[in-house]
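Student: Okay, handing you the structure first.
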2 protein chains.
Amino acid sequence: MKIVTLRDIAEQLNISVTTVSKALKDYPDVSKKTKMQVRELAKTLNYRPNAFAVNLRTKESKTIGLIIPVIVHHFFSNVIKGIISQAEKKGYLVIILQSDESYTLEKKQVELLLSQRVDGIIISLANETAKYNHLNDIIAQDKPLVMFDKIAKIVKCSKIIIDDRKAAYLATQHLIDIGCKRIAHFRGALLPQNSIDRFLGYKKALLDNNLPYDPALVYICECGDMSFEEGKKNAIQLMEDHDDIDGIFINTDLVAIGAMTALQNLGVKIPEDICIVGFSNWFMSSVISPSLTTINQPGFEMGKAAFKQLFREIKARKKGKHFEPKTVVLETELITRASTKITV
Amino acid sequence: MKIVTLRDIAEQLNISVTTVSKALKDYPDVSKKTKMQVRELAKTLNYRPNAFAVNLRTKESKTIGLIIPVIVHHFFSNVIKGIISQAEKKGYLVIILQSDESYTLEKKQVELLLSQRVDGIIISLANETAKYNHLNDIIAQDKPLVMFDKIAKIVKCSKIIIDDRKAAYLATQHLIDIGCKRIAHFRGALLPQNSIDRFLGYKKALLDNNLPYDPALVYICECGDMSFEEGKKNAIQLMEDHDDIDGIFINTDLVAIGAMTALQNLGVKIPEDICIVGFSNWFMSSVISPSLTTINQPGFEMGKAAFKQLFREIKARKKGKHFEPKTVVLETELITRASTKITV
DNA sequence: TAATAAATCGAAAACGTTTTCGAAACTACC
DNA sequence: GGTAGTTTCGAAAACGTTTTCGATTTATTA
C-alpha cells in the first residue's frame, strides 16, 4: 500500500540510493550481482519511479498538449487517434483540450499547457483566431510547436497540411470535366486558411476553364455543430436564388450531405440535375444514396505526421540543435462516386 | 528566454525564496508592501511556477487519465467532450488513451497512468476485458477510479451508467405497442455488460407481453469499425432466414442505419413492412430518411457526471476520508421518429 | 610485492517548490 | 525602558530522482 521509493530498496539491501538508481538504469558501474538483487526487490515491492521527481530532474514529462477546435468531429477525432497512436509508440502521453473555435479559450489553453511544461504542443487553430501572440509565446520559450489543418502561415513553426487549394481545384475541375457549366461553392468560415484556400482553388479552376466566377454563387457556412442544417439551408437558398446551377463544390461532407438531403426533398435529382462534390471523405459519404464524390482528407495520417514532426523537434532540442520549421504537405485524392457520375 | 524561478525573483528583491513563495500564495505573514513588489516583478518576468516541482511537492498533478475503447465514435467522442469540459472548470487536464477494445493494451495503459501518477482514472472497458486485476491495482493504490458505460459490476468503484436493460425494454415495448409481433434483435458483442443488458431488456419485454422469445432472431455484431457494414450484412441475412419479421431492435444507431440501407435496397418499406428502433441517438439518426426511432444515450452528460464523481473522490481522499463507491444511473428516453411511425 | 588498472560503490548536489518553526523587528502599553 | 504582543521574515527540510566525481576495493601486470 505504501509507495516504495529508491530509498526503501536501498535500505533493505543496505546499499545507497545512487547504486539502486544506477542498477535499475543498467549503468555499467554496478556489479551484476547487485543489479540482480535490486531488480528483484524492485519487482517484488512493485517499485514505480515517481514520475514527478523524474520530471523535475530531467526537465521533461514525456507529455504533449493538443488543442483542437472540436472533438466531436469525424476529421478531428481521426487526427486525435493518429496523434495518440504515434505518441504511444514513442512513450508519450497526450493532453487534449478543446478550444470550441474560441480565440480566448485557445489562448488560455496555450497558457495552461505552457505552465504545465508539456514537452511540445500540437494545435489546429480556432476559426476565430486572428492574432498569434499566444503561439509566438510558445516559440519564444523554444518549445516545439506543430500546427495542422487550420494553420497560420505567418507563424514560424512546422505545419502539417494538405494542399487545400489544389484539392479544391481538382474537385472543381472534376465538375467541369463532367460537363457542369455553372458551379456554386459552399465555403467555410472567413478566417481559416484552409477555407480560404479551398475557395481560391475553386475560383482558379473556373477561370482556368474560361468559366465566369460569380461571387453570388458562393455561400458561407460556419461548419460548426449545425453543419448539416447549414447545408440544407444553403441548398434551399441556392435553389431560390439560382435555379440554373448544375454543380456544387462543398467545403465539407457533412454540409454536402445536408445539402443533398434538402435538394432531394425539393425534387432535384443528383447527379442528373446537379452534381455535388464534398470534402473530407467522411465514412458516411460512401454509404448514403447517392454516394458522395469527395476529396479524401487523411485525418489519421495528419495526426501521425504531426506527432512525428513534433517528436523530431523534441529530439533536436535535446541535442541542442536548432530545428528549421518544416511544412509537410500530405497527399489528397479525388474519390469519385455516384453524386457526380452522369452516364451521358 | 531563460526560465525564471522563485529564486530569481528572491535575488532581485533581496529577500528569501520562502517569502516570495508566500507572497505569491497570499500568506498572511507577508507585508502588503513586499507582496506588491513580488507580484509585480513576477508579472514582468513572466514567472510561471514549475509544475514539475509543484507536483513533486504536493503529490498531485491536477491531471487525470481517460481510457476508452475508441475515439472515433459519436458516443465516446461526446463523452470525451463532457469530461474535458468539466475537468477544465476544476482546473484539471485530461490524458486520453485508446484501448482499441484490447485487454492487453488497456492493462498496459492503466500501468502507464499509474506510473504517471495521475490524480484519478476514468475508464470504459474494452470489449475483450474479462479480467479485472489491473483495475483492482488502481483501487489498491487508493487512487480514484470511475467507470462508465462499459463497466464491470464486480469491481468496487464508482460507476456512471444508464439503465440499459430498462432502455432496451422500453424500445422493445414500443415496437410491441405499435403492433409488431415478431421482433428481431441485433445485439452487440458477447462480453460487455451493456450489450448483455440490452439483450436482456429485449427478451424480458417479449416475455412480459406473451410473445415467444426466439434465439434465432438474435444476431450479433461487434460494433467496431465496420458497424455500418455489419448492419447491412445482418439485415440481409435476417431477410433470408426469417422473412416474417416485422420489427428490429438494434444495439446501435450506426448498425441500424446500415440495416435500414440494406433493407431499403431489398425493397423493404420502413416502417410499413418493418419497424426499426436503434440505440444512442446519433445526430445522423434524425437526419436520414426515414428518421430513426432510438434511445437517447447522453454521452456528454455521462462524461460530465464521470468527472464530477471522480472529482468528489479526489477531494475526499485529500481530506483523508474514505469514499463509498457510488453508481449514478442517468436517464434515457425513447425518441420516436419515422422508422416506427405507422399510421394505421 | 609494488604499481597500475579496472571494477564497484556512495556522498552530495541539484531540480524548484511548499511549509514548518523559530528568530528578528516592530508596535503598544504600562 | 521594559514587557508583551504582533508583524514580518528566512533557514531548512522535504518531495524522489539523476548524475558527477571522488573514494574504495579488487584484479592485473611487471
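The values are calculated or read from the model by the stated rules, or taken from the named source; none is laboratory data. Not measured: the values here are computed from a predicted model. Please note: Cβ atoms are built from the backbone with ideal geometry, for glycine as well, and neighbour counts cover all protein chains shown. Note: areas computed on protein heavy atoms with side chains; ligands, DNA, RNA excluded. Shrake-Rupley method; radii C 1.70, N 1.55, O 1.52, S 1.80 Å.
Student: Working only within the stretch B:306-344, note down all residues that are loosely packed, with under 15 Cβ neighbours inside 10 Å and not in a loop (DSSP other than H, G, I, E, B).
Tutor: Across the stretch B:306-344, the qualifying residues are B:K315, B:A316, B:K318, B:T327, B:V329, B:E333.
Student: Turning to a different aspect of this structure: Across the stretch B:1-17, which residue is nearest to the other protein chains (Cβ to nearest Cβ) among those that are of a type outside the set (A, V, I, L, M) and surrounded by 13 or more Cβ atoms within 10 Å (Cβ to Cβ)?
Tutor: Once the filter is applied, the top-ranked residue is B:T5.
Student: Another one. Tell me, which residue of the stretch B:255-309 that is touching a helix residue (DSSP H, G or I) at 6+ places or on another chain (Cβ under 9 Å) and without any contact (Cβ under 8 Å) to a residue 24 or more places away in the chain is nearest to the other protein chains (Cβ to nearest Cβ)?
Tutor: This residue is B:V287.
Student: Restricting to the stretch B:47-61, name every residue that is more than 7 Å from DNA strand C (Cβ to nearest atom) and either among the small types (G, A, S) or on the phi > 0 side of the Ramachandran plot (or both).
Tutor: The answer is B:A51, B:K59, B:S61.
Student: On the basis of being modelled with pLDDT of 95 or more and buried (at least 22 other Cβ atoms within 10 Å of the Cβ), does A:A216 make the cut?
Tutor: no
Student: If you go through the stretch B:41-60 one residue at a time, do you hit one that is more than 8 Å from DNA strand D (Cβ to nearest atom), open to solvent by less than 50 Å² (accessible area, probe 1.4 Å) and basic (K, R)?
Tutor: There is at least one residue in the stretch B:41-60 that is more than 8 Å from DNA strand D (Cβ to nearest atom), open to solvent by less than 50 Å² (accessible area, probe 1.4 Å) and basic (K, R).
Student: B:L105 fails exactly one of the following numbered conditions: (1) assigned to a helix (DSSP H, G or I); (2) within 16 Å of DNA strand C (Cβ to nearest atom); (3) at pLDDT 95 or above. What is the number of that condition?
Tutor: That leaves (2) as the condition not met.
Student: Take B:S31 and decide whether it is among the small types (G, A, S) and surrounded by 24 or more Cβ atoms within 10 Å (Cβ to Cβ).
Tutor: Taking the combined requirement at face value, the residue does not satisfy it.
Student: Can you find a residue that is open to solvent by 10 Å² or more (accessible area, probe 1.4 Å) and within 16 Å of the chain's Cα centre (by Cα) anywhere in the stretch B:100-120?
Tutor: yes
Student: Does B:F186 meet the test of being in contact with a helix residue (DSSP H, G or I) (Cβ under 7 Å, 6 or more places away or on another chain), in contact (Cβ under 8 Å) with a residue 12 or more places away in the chain and buried (at least 22 other Cβ atoms within 10 Å of the Cβ)?
Tutor: Taking the combined requirement at face value, the residue satisfies it.
Student: So how many residues does the stretch B:292-305 have that are open to solvent by less than 10 Å² (accessible area, probe 1.4 Å) and more than 10 Å from B:I160 (Cα to Cα)?
Tutor: Residues flagged as open to solvent by less than 10 Å² (accessible area, probe 1.4 Å) and more than 10 Å from B:I160 (Cα to Cα) within the stretch B:292-305 amount to 5.
Student: Now a separate question. From the residues in the stretch B:28-70 that are hydroxyl-bearing (S, T, Y) and touching a residue at least 24 places away in the same chain (Cβ under 8 Å), which one is nearest to A:G82 (Cα to Cα)?
Tutor: This residue is B:T63.
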